[in-house]
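Notes follow once the structure below has been shown.
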Amino acid sequence: MRAARLIKMVLLLQSRPSMTAAELARELEVSERTVTRDAQALSEAGVPVYADRGRAGGYRLVGGYRTRLTGLHRGEAEALFLSGVPGALREMGLEDAASAARLKVSAALLPSLRDASRSAAQRFHLDAPNWFREPKTPALLPAVADAVWDDRRISARYRRGEDEVVRELEPYGLVLKAGVWYLCARVAGPGSFRVYRIDRFTAVDADGERFAREADFDLPAFWEERAEQFARSLLRARVVVRLSPDGVRALPYAVDSVSAREALADAEAPDEGGWVTVALPVESEEVAHTQLAALGPEVEVLAPEGLRERFAGDAARLARLYRAGGGERAGGGGGA
């Protein structure tokens, strides 16, 4: 533990002109007294750590000292490419590896380039989860992530509806979609590639033997294809609607993007008022009612008749509410 901390301290000092005891204590998560002892230990071991006294003092390496401890091992190198997604790194258990990798890269860079990582972090941050949702990290995610990195088969117990099934899987890749983790894996055998929600795993044995990964497997392309297939599989019904120009612009924000794109691509020419008639793929009439209600008066449902009647009923209720007058209702309720 102490040896790793001493190495980290050398790398920190190598990547910056100097650091105060307080800064080093914060980075190393120890007390300033421990920093003083560690600096003395490094000096006794032949590492030229010099302490500047006074209010503006601190610790620095003397004489252009360069450590040869900057080589990245494989795990650190892989984690480095994910370092722009800090939340995901924490959830997969890779935060320490990424921190070590960043330090080694920073120590190996020319002095003029050492602030590049801080500069990039100030200008770009990926916040994956949806708004108004508290993301939960699946308890088994670190075990699955280890198997993905190491190309090891896993035996997973998976919740499917009311039942649980056991699958022998070759884990190819992880995807974080809107705060939800998915595993893209091939059923061992060999079998077909499938997608699993990791929060539905109830048990994972990640001590399986290594598998031979298909060299041409493209995770982003695979995910894009499966995601679109999944979205299309949900669109089992179809409704016909008229959209105002504002409704056309708002449609992709109210319904599934695949549905909106398909409907607008096949839309009829606008009428004299600019309204467009489209056949819209939807999951169900119930879902369509909820989604299209967000467009308000910018949409008119033409078919099916049952959905049109529901919107007509909504409109009638709204008209009665606004004709009654809010102040009048509030006064009446106070006297009851």
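How would region 157-269 be classified by its alpha-carbon gyration tensor: rounded, prolate or oblate, with rounded meaning a/c under 1.5 and the a/b versus b/c comparison settling the rest?
The shape class here is prolate.
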Applied in sequence order to region 221-232, the curve 6.51 cos²θ - 1.76 cosθ + 1.60 (Karplus, θ = phi - 60°) yields integer Hz couplings, x standing for Gly and Pro, of 5, 4, 5, 4, 5, 5, 5, 5, 4, 5, 4, 5
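In square angstrom, what is the accessible area per residue of region 155-269 with a 1.4 angstrom probe? Mind dumping the intermediate values first?
Numbers: 6610 Å² over 115 residues.
Each residue of region 155-269 exposes 57 Å² on average to a 1.4 Å probe.
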Descending packing, highest mean Cβ count within 10 Å first, for 168-175, 211-218, 270-277, 37-44 is 168-175, 37-44, 270-277, 211-218
Of every hundred units of 1.4 Å-probe accessible area on region 124-270, the number belonging to carbon and sulfur atoms, as a percent, is 49
With every protein chain in place, the accessible area of Leu176 for a 1.4 Å probe, in Å² rounded to the nearest 10, comes to 60
Stokes-Einstein D for region 15-63 (4 °C, 1.567 mPa s, Kirkwood Rh from Cα pairs), in µm²/s, comes to 119
Calc'd 3J(HN,Hα), region 295-308, phi into Karplus 6.51 cos²θ - 1.76 cosθ + 1.60 (θ = phi - 60°), Hz, glycine/Pro = x, comes to 7, x, x, 8, 9, 10, 7, 9, 7, x, 4, x, 6, 4
Kirkwood Rh over alpha-carbon pairs of region 140-190 plugged into Stokes-Einstein at 4 °C, 1.567 mPa s gives a D in µm²/s of 112
The Kirkwood hydrodynamic radius of region 204-313, taken as the inverse of the mean 1/r over all distinct Cα pairs, in Å, comes to 16.0
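The values are calculated or read from the model by the stated rules, or taken from the named source; none is laboratory data. Bear in mind the structure is a predicted one, so any value in this text is a computation, not a measurement. Glycine also receives a Cβ, built like all others from the backbone with ideal geometry; neighbour counts cover every protein chain displayed. Side chains are part of the model used for accessible areas, which takes the heavy atoms of the whole protein and leaves out ligands, DNA and RNA. Shrake-Rupley method; radii C 1.70, N 1.55, O 1.52, S 1.80 Å.
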